[in-house]
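**Q** Here it is, the structure, as structure tokens.
The values are calculated or read from the model by the stated rules, or taken from the named source; none is laboratory data. For clarity, every value in this text was computed on a predicted model and none was experimentally measured. Cβ placement follows ideal geometry from the backbone for every residue including glycine, while neighbour counts extend to all protein chains displayed. The area values use the complete protein model at the heavy-atom level, side chains included, leaving out ligands, DNA and RNA. Shrake-Rupley method; radii C 1.70, N 1.55, O 1.52, S 1.80 Å.
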Amino acid sequence: MHRLKRWNTPTVYNGWEQITQRDIAFHQEESRDFMPQMGPMVGRAVTVVIEPGNPEHPADVWDDYRRYVASVDGPKIVVVQDLDKPRTVGSFWGEVNSGAHRALGCVGTITDGAIRDLDEMTGAGFKALARRLCVGHAHVRPVRWGVPVEVFGQVVEPGQLVHADQHGFLAIPAEDEEGLLEAAAFMDANECGTVIPAAQAAGRSHEQVIADLGAAGEDFARAAGERYGRQGESR
């Protein structure tokens, strides 16, 4: 799992699309990476649903929720569905909660709600993809956990492998995990050996660049086709 951090999320996607039988595994709504300087994060999804705008949810659930988080092998990414969406009322995340989750083996979060205490979360090494910042927590507490959640239009299952960075996140179907690392490495090397050098224009005419790009695209597609039976995208 840690070796997948060597690549950004688009590169992992390039490998994933070669081995999957599915169409899309990334979110359809815009997210924002508030700590892009941390680079990619990868981990198993621990899932939780919140509704900070509703004061009626029981408050004495934190110990049970934290035991659930602790029960999952790390590294872990906390995927938080905010039922108040799109009206953001309060944040699940801040200095204390991010530190507590870091101590339980979590490396970051993806939430379609808000975060706060940005500097403190960054200092704790806890990465966050979120919708926005806010100043308060309102009536935030875990409502449900260890259940499928939908964030930014993407359903994420508990325990699912997630890769995320400033581009967004990819939730890997369980059946595609085994070949993902090898496919990402192969497609990255394929690009580096064909279309990327062809796109470097120094010392060549425009006509030569066009010809080189066409030839490199054919080489890229041929290598992907020979390995996976698919041509992939060279852009």
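**Q** Going by Cα centres, segment 85-114 and segment 1-56 are how many Å apart?
**A** Distance between centres, Cα-based: 15 Å.
**Q** Of all the accessible heavy-atom surface of the chain, with the other protein chains kept in place and a 1.4 Å probe, what percent is carbon and sulfur? List each step's numbers first, then the result.
**A** Numbers: 5550 of 11450 Å².
Result for the chain: 48 percent of the exposed heavy-atom area is carbon or sulfur.
**Q** Explain nothing, just compute: Karplus ³J(HN,Hα) = 6.51 cos²θ - 1.76 cosθ + 1.60, θ = phi - 60°, for every residue of segment 152-167 in order, whole Hz, x for Gly and Pro.
**A** Those phi angles translate into 6, x, 10, 7, 10, 8, x, x, 5, 6, 10, 10, 8, 7, 5, 7 Hz.
**Q** Run the quick spin-label model on residue 182 and residue 230: label points 7 Å from Cα toward the beta carbon, then report their separation in nm to one decimal.
**A** For the pair residue 182/residue 230, the computed spacing is 1.6 nm.
**Q** Still on this structure, I have one more. Over the chain, what relative contact order in percent results from Cα pairs under 8 Å that are six or more residues apart? Provide the component values of the computation, followed by the final result.
**A** Working: 482 pairs, mean separation 67.2, N = 235.
Reported as a whole number, the value is 29 percent.
**Q** Along the positive direction of the dipole of segment 100-227 (beta-carbon charges: Lys, Arg +1; Asp, Glu -1; about the Cα centre), which of 208, 114, 167 reaches farthest?
**A** 114
**Q** Further question on the same structure: By its C-alpha gyration tensor, with a ≥ b ≥ c as the square roots of the eigenvalues, how is segment 46-138 shaped: rounded for a/c under 1.5, else prolate for a/b larger than b/c, else oblate? Please report the intermediate quantities before stating the final value.
**A** On the way: a/c = 1.69, a/b = 1.17, b/c = 1.45.
Verdict is oblate for segment 46-138.
**Q** Something else now. Applying the Karplus parametrisation 6.51 cos²θ - 1.76 cosθ + 1.60 with θ = phi - 60° to the phi angles of segment 48-55, what ³J(HN,Hα) value in whole Hz is obtained for each residue in order, glycine and proline being reported as x?
**A** 8, 10, 10, 8, x, x, 10, x
**Q** On C-alpha positions alone, give me the angle between the axis of helix 180-193 and the longest principal axis of the chain, in degrees, nearest 10.
**A** On a 0 to 90 degree scale, this one is about 40.
**Q** Here is a follow-up. Counting only protein chains, not ligands or nucleic acids, how are 16, 7 ordered by accessible area (probe 1.4 Å), most first?
**A** On the way: 16 0, 7 35 Å².
The ordering from most to least exposed comes out as 7, 16.
**Q** Which residues make up the longest stretch of the chain clear of GluC sites (Glu not before Pro) that lie in a DSSP loop with no more than 11 other Cβ atoms within 10 Å, not counting the sites?
**A** Values: sites that count: 30, 56, 178.
It runs 57-177.
**Q** I've got another one for you. At what distance in nm do the modelled label points of residue 67 and residue 215 sit from each other, each positioned 7 Å from its Cα along Cα→Cβ?
**A** 6.7 nm
**Q** Obtain the nm distance between the two label points defined at residue 155 and residue 135 by a simple spin-label model: each point lies 7 Å from its Cα along the Cα-to-C-beta direction.
**A** Spacing of the two 7 Å Cα→Cβ label points: 3.9 nm.
**Q** In addition: Per DSSP H run of n ≥ 4, the term is -39500 (n - 2.57); total these for the chain, divide by its residue number, and report the mean residue ellipticity at 222 nm rounded to 500 deg cm²/dmol. Present the calculation step by step, with values, prior to reporting the outcome.
**A** Values: 7 runs with 77 residues, N = 235.
One gets -10000 deg cm²/dmol as the mean residue ellipticity at 222 nm.
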